[in-house]
Amino acid sequence: MTMRLKVALLLMAAPLAALAGLKLGLLPRTTTVPFWYLLLAAPFWEEAFFRRGLHYRVLAYPWSVQPLLGLSRANWLTSCCFAALHIPWQGGASVAILIPSLALGWLFERTNRLFPCVLLHAWFNLSWLIAGRIPPP
């Protein structure tokens with residue numbers, strides 16, 4: 001499977017994952033955080049800190065590139081830290097953030113670029129915002 005196809009699948013999966021997360025009660029339906037922050041500021045600063053900062057630095061250690069369930073240990077460590085950061089706002093539901101974070105880490109390791117991660121992060125947030133506006137059945 002090519003890199004482009006994998007990224008396309010990630011883009012298509014985001015809205016479905018957001019709907020599933022809402023349906024299972026893993027993601028909140030509403031937010032008090034402004035849209036501009038969730039779509040612009042948060043994706044930029046979170047990816048800059050976690051990917052370009054933490055993830056990039058952890059990859060320098062030989063143990064971190066060894067796979068764990070198909071993903072690098074650096075990706076798992078960074079994603080667990082990212083999910084833990086969300087605990088004050090989302091409580092136990094922050095575990096649901098682990099999967100998109102692992103996808104972002106995978107993309108970062110394949111491209112070694114921050115911008116694709118920022119765009120995908122914004123897409124994940126937009127998908128969640130749109131799904132949260134759909135009335136529950």
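The values are calculated or read from the model by the stated rules, or taken from the named source; none is laboratory data. What you are looking at is a predicted structure, and each value in this text was computed from that prediction instead of being measured. Glycine also receives a Cβ, built like all others from the backbone with ideal geometry; neighbour counts cover every protein chain displayed.
Would you point out the residue of segment 57-72, among those that are free of Cβ contacts under 8 Å to residues at least 24 places away in the same chain and under 21 Å from Leu114 (Cβ atoms), that is surrounded by the fewest Cβ atoms within 10 Å (Cβ to Cβ)?
Only one residue tops the list, namely Ala60.
Against the conditions (1) assigned to a helix (DSSP H, G or I); (2) more than 21 Å from Met12 (Cα to Cα), where does Ile99 fall short? Just the number, please.
(2)
Take the conditions in contact with a Pro (Cβ under 6 Å, 6 or more places away or on another chain) and of a type outside the set (A, V, I, L, M) and apply them to Ser127. Does it pass?
Spelling it out, Ser127 is indeed in contact with a Pro (Cβ under 6 Å, 6 or more places away or on another chain) and of a type outside the set (A, V, I, L, M).
Quick check: anything in segment 22-33 of a type outside the set (Gly, Ala, Ser), surrounded by 19 or more Cβ atoms within 10 Å (Cβ to Cβ), in contact with a helix residue (DSSP H, G or I) (Cβ under 6 Å, 6 or more places away or on another chain) and over 21 Å from Ala131 (Cα atoms)?
no
Check segment 106-114 and report whether any residue there is touching a residue at least 24 places away in the same chain (Cβ under 8 Å), in a helix (DSSP H, G or I) and either farther than 20 Å from Ala8 by Cβ or β-branched (Val, Ile, Thr) (or both).
Scanning segment 106-114 turns up no residue that is touching a residue at least 24 places away in the same chain (Cβ under 8 Å), in a helix (DSSP H, G or I) and either farther than 20 Å from Ala8 by Cβ or β-branched (Val, Ile, Thr) (or both).
From the residues in segment 56-107 that are aromatic (Phe, Trp, Tyr) and over 11 Å from the mean Cα position of the chain (by Cα), which one is modelled with the highest pLDDT?
For segment 56-107, the residue satisfying everything is Trp76.
Taking segment 84-105 as the region of interest, how many residues are free of Cβ contacts under 8 Å to residues at least 60 places away in the same chain, closer than 20 Å to Tyr37 by Cα and surrounded by 17 or more Cβ atoms within 10 Å (Cβ to Cβ)?
Within segment 84-105, residues that are free of Cβ contacts under 8 Å to residues at least 60 places away in the same chain, closer than 20 Å to Tyr37 by Cα and surrounded by 17 or more Cβ atoms within 10 Å (Cβ to Cβ) number 5.
Every residue in segment 97-130 that is of a type in the set (Phe, Trp, Tyr) and under 14 Å from Pro43 (Cα atoms), please.
Phe108, Phe115, Trp123, Phe124, Trp128, listed by residue number.
Condition check: touching an Asp or Glu at 6+ places or on another chain (Cβ under 9 Å), among the aromatic types (Phe, Trp, Tyr), at negative phi and part of a helix (DSSP H, G or I). Does Phe82 satisfy that?
Against the criterion (touching an Asp or Glu at 6+ places or on another chain (Cβ under 9 Å), among the aromatic types (Phe, Trp, Tyr), at negative phi and part of a helix (DSSP H, G or I)), Phe82 qualifies.
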